[in-house]
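Below is one structure, written out as structure tokens; comments come after it.
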Amino acid sequence: MDSGGPNKASGEEEETDLYELLGVEKTSTAAEIKKAYRKAALQHHPDKVPEDQRAESEVKFKAVTQAYEILRDDEKRQLYDQFGMAAFDPSRGGPGDGGVDLNDMLAQMFGMNVGGGAGGQRRPRRGRDEEQQYKVTLEELYKGKTVKFAANKRVICSLCKGSGAKEKVKPQQCDRCKGAGVREAYRQVGPGLVRQELLPCDNCEGTGMFYKEKDRCKKCKGKRTVEETKALEIYIPRGSMQGERIVLEGEADQFPDQIPGDIVFTLVEEPHDLFTRVGDDLSAELDVTLAEALTGFSRVVLKHLDGRGIHLEHPRGKIFQPGEILKIAGEGMPRKRGDERGDLYLSVKVAFPEAGWLPDDAAYETLRQLLPPPEPLISSEEVDEVEYEADADIEQMGGRSGHPRPGMVWEDEDDDDDQGGPQCATQ
Ligand SMILES: [Zn+2]
Ligand SMILES: [Zn+2]
């Protein structure tokens, strides 16, 4: 992880590979990048290293934080992939990254402040992001979707402009937090996972100042913020992927003296009955009857995610084998940019007729005459008549003797053991 030399950390002069900096692959998921950043940030956190390494680790810390700021954001990440750091350089026409706010990042990731120390005099300058998951169907990801919703959020009280007091009232220092405005608290962030963070003091609502009941703002009752319902809208571009983030900048709850955080939706793709998605490609089963597999057909075989019927011509004289894979170019998922699409893979599934489907012996005989003749007979000196159990389970193979199931053996490529797992007898 820490392979980048000291010159890499400066980040300004020469182009540093952000993925390399975080020790992740270009193809890494958002979750992997987040994990790598957490690890790197903890490692280089200025509070976690001896005094003499502090300056160096601060530089490194800033570098990994900046890398994460860009790679965590889908849009910024795409820009970076395309143009490199030039995309974020205002002098070269980029939008600029506005500088990375360490406190902001730390407050979000760990609930701590750089230089905050015991007293916690410095409050986070940016509110926490509101993270939520948003479930989407494959159909919605195929077509794209706009979602309108009403969000209940806290906004700065318009009457007192966030002071919490009536006009011309002199504030007193809050005695519970000694004017710091914050208290230490523990927050559950996952099962059995608790982290410490600084929360606004309840008594003074984080102001560090306290007002008597009669001096408080009438509208917010001294709370400095009021609840408001706001109509919001998110747009999910077609071709979006599981795990992508959609950010509504600055739409999280407002607190006085803070830049509001973002509302962040992480897309969760719901499993689909017919289609399986891998990247831009889709796969589905192609159900045909035995007659169709043998004699051909021309029909709609599948309803696509946008409702279109997919028509397939399987000419007479050609055979579909069970398990055969057909690839239909350009019928996969749309890409976010451009008109290109992934491909659709169809796996042929042949429905064989039920037992006893023909009325009489003569019919079977006719069918037999139509189908190709069997392979030449196997000649053998000695012959045993055997009985069999139909519909057996291959998973049980090897089970009675305590050997691993054959499925496991087959999947293991370098497995070369000669335990004599039964080989296919007809080979
Ligand atoms: Zn107010
Ligand atoms: Zn207080």
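The values are calculated or read from the model by the stated rules, or taken from the named source; none is laboratory data. From a predicted model like this one, the values you see are computed outputs, not experimental measurements. With ideal geometry, Cβ positions are generated from the backbone for all residues, glycine too; neighbour counts draw on all protein chains shown. In case anyone asks, the SASA skips ligands and DNA or RNA and just uses the protein heavy atoms, side chains included. Shrake-Rupley method; radii C 1.70, N 1.55, O 1.52, S 1.80 Å.
Tell me which residues, restricted to the range 251-290, are farther than 23 Å from Ile33 by Cβ, surrounded by fewer than 18 Cβ atoms within 10 Å (Cβ to Cβ) and at pLDDT below 95.
Across the range 251-290, the qualifying residues are Asp257, Ile259.
Return the residues of the range 179-204 that are more than 8 Å from ligand 2 (Cβ to nearest atom) and of a type in the set (D, E, K, R); say none if nothing qualifies.
Selection gives Glu184, Arg187, Arg195, Glu197.
Considering (1) outside any loop (DSSP other than H, G, I, E, B); (2) open to solvent by 30 Å² or more (accessible area, probe 1.4 Å); (3) more than 30 Å from Gly243 (Cα to Cα), say which one Val301 fails and leave the rest.
For Val301, the exception is condition (2).
Note down all Cβ pairs under 6 Å where the first residue falls in the range 134-159 and is among the charged types (D, E, K, R), the second is within 16 Å of ligand 1 (Cβ to nearest atom) and open to solvent by less than 20 Å² (accessible area, probe 1.4 Å), and they're at least six residues apart or on different chains.
Pairs found: Arg154/Thr225.
Does Val147 fit the bill of being at pLDDT 85 or above, more than 16 Å from ligand 1 (Cβ to nearest atom) and surrounded by fewer than 17 Cβ atoms within 10 Å (Cβ to Cβ)?
On the way: at pLDDT 85 or above: yes; more than 16 Å from ligand 1 (Cβ to nearest atom): yes; surrounded by fewer than 17 Cβ atoms within 10 Å (Cβ to Cβ): yes.
Answer is yes for this residue.
Counting only residues that are within 16 Å of ligand 2 (Cβ to nearest atom) and open to solvent by less than 20 Å² (accessible area, probe 1.4 Å), how many does the range 208-223 have?
2
Scan the range 144-201 residue by residue and report those that are of a type in the set (Lys, Arg) and under 26 Å from Ile246 (Cα atoms). Even if it seems obvious, please write down each step before you answer.
Going through the range 144-201, the residues of a type in the set (Lys, Arg) turn out to be 145, 148, 153-154, 161, 166, 168, 170, 176, 178, 183, 187, 195.
Listed by number, the residues that qualify are Lys145, Lys148, Lys153, Arg154, Arg187, Arg195.
Out of Asp202, Asp273, Asp257, report the one residue that is in contact (Cβ under 8 Å) with a residue 40 or more places away in the chain and among the acidic types (Asp, Glu). Let's see the steps before the verdict.
Numbers: Asp202 fails: in contact (Cβ under 8 Å) with a residue 40 or more places away in the chain; Asp273 fails: in contact (Cβ under 8 Å) with a residue 40 or more places away in the chain.
Result: Asp257 is the single residue among Asp202, Asp273, Asp257 that is in contact (Cβ under 8 Å) with a residue 40 or more places away in the chain and among the acidic types (Asp, Glu).
Step by step: first the residues of the range 152-178, then only those that are in a loop (DSSP other than H, G, I, E, B) and within 21 Å of Asp253 (Cα to Cα), then the one that is farthest from ligand 2 (Cβ to nearest atom). Which residue is that? First the steps, then the outcome.
So in the range 152-178, the residues in a loop (DSSP other than H, G, I, E, B) come out as 157-164, 166-171, 174-178.
Those still in the list that are within 21 Å of Asp253 (Cα to Cα) too: 157-164.
Values: Cys157: 18, Ser158: 23, Leu159: 21, Cys160: 17, Lys161: 20, Gly162: 16, Ser163: 15, Gly164: 11 Å.
The selected residue is Ser158.
Considering every residue within the range 185-195, establish whether at least one is out of contact with any helix residue (DSSP H, G or I) (no Cβ under 7 Å at 6 or more places or on another chain), of a type outside the set (Val, Ile, Thr) and either part of a loop (DSSP other than H, G, I, E, B) or within 30 Å of Asp281 (Cβ to Cβ) (or both).
Kept after step one, since they are out of contact with any helix residue (DSSP H, G or I) (no Cβ under 7 Å at 6 or more places or on another chain), are these residues of the range 185-195: 185-195.
Then drop every residue that is not of a type outside the set (Val, Ile, Thr), which leaves 185-188, 190-193, 195.
Subsequent filtering for residues that are either part of a loop (DSSP other than H, G, I, E, B) or within 30 Å of Asp281 (Cβ to Cβ) (or both) retains 191-192.
Scanning the range 185-195, I find at least one residue that is out of contact with any helix residue (DSSP H, G or I) (no Cβ under 7 Å at 6 or more places or on another chain), of a type outside the set (Val, Ile, Thr) and either part of a loop (DSSP other than H, G, I, E, B) or within 30 Å of Asp281 (Cβ to Cβ) (or both), so the answer is yes.
Determine, yes or no, whether Glu227 is assigned by TED's automatic domain parsing to the domain that holds His304, open to solvent by 30 Å² or more (accessible area, probe 1.4 Å) and not in a loop (DSSP other than H, G, I, E, B). Full working, then the answer.
On the way: assigned by TED's automatic domain parsing to the domain that holds His304: no; open to solvent by 30 Å² or more (accessible area, probe 1.4 Å): yes; not in a loop (DSSP other than H, G, I, E, B): yes.
The answer is no for Glu227.
Is the range 225-240 home to any residue that is closer than 18 Å to Glu140 by Cβ, touching an Asp or Glu at 6+ places or on another chain (Cβ under 9 Å) and among the aromatic types (Phe, Trp, Tyr)?
No, the conditions are met nowhere in the range 225-240.
Which one of these is open to solvent by 70 Å² or more (accessible area, probe 1.4 Å) and either among the hydroxyl-bearing types (Ser, Thr, Tyr) or in contact (Cβ under 8 Å) with a residue 60 or more places away in the chain (or both): Gln196, Gln188, Gln242? Steps first, answer last, please.
Values: Gln188 fails: either among the hydroxyl-bearing types (Ser, Thr, Tyr) or in contact (Cβ under 8 Å) with a residue 60 or more places away in the chain (or both); Gln242 fails: either among the hydroxyl-bearing types (Ser, Thr, Tyr) or in contact (Cβ under 8 Å) with a residue 60 or more places away in the chain (or both).
Answer to the check: Gln196.
From the list Gln196, Gln133, pick out the single residue that is at pLDDT 90 or above and away from ligand 1 (no atom under 16 Å from the Cβ). Explain how you work it out, then say what you get.
On the way: Gln196 fails: at pLDDT 90 or above.
That would be Gln133, the only listed residue that is at pLDDT 90 or above and away from ligand 1 (no atom under 16 Å from the Cβ).
Applying the selection to the range 18-53, what residues are open to solvent by 10 Å² or more (accessible area, probe 1.4 Å) and outside any helix (DSSP H, G or I)?
Gly23, Val24, Glu25, Lys26, Thr27, Ser28, Thr29, Val49, Pro50
Within the range 346-394, which residues are open to solvent by less than 90 Å² (accessible area, probe 1.4 Å) and touching a residue at least 12 places away in the same chain (Cβ under 8 Å)?
First, pick out the residues of the range 346-394 that are open to solvent by less than 90 Å² (accessible area, probe 1.4 Å): 346-348, 350-351, 353, 356, 358, 360, 362-367, 371, 380, 390, 392-393.
Correct list: Leu346, Ser347, Val348, Val350, Ala351, Pro353.
Conditions: (1) out of contact with any strand residue (DSSP E or B) (no Cβ under 9 Å at 6 or more places or on another chain); (2) modelled with pLDDT under 70. Asn113 meets all but one. Number of the miss?
Result: Asn113 fails condition (1) only.
So, Cys204, is that one buried (at least 16 other Cβ atoms within 10 Å of the Cβ), under 30 Å from Lys148 (Cβ atoms) and within 16 Å of ligand 1 (Cβ to nearest atom) or not? Reasoning before the result, please.
Numbers: buried (at least 16 other Cβ atoms within 10 Å of the Cβ): yes; under 30 Å from Lys148 (Cβ atoms): no; within 16 Å of ligand 1 (Cβ to nearest atom): yes.
No; evaluated as a whole, the condition is false for this residue.
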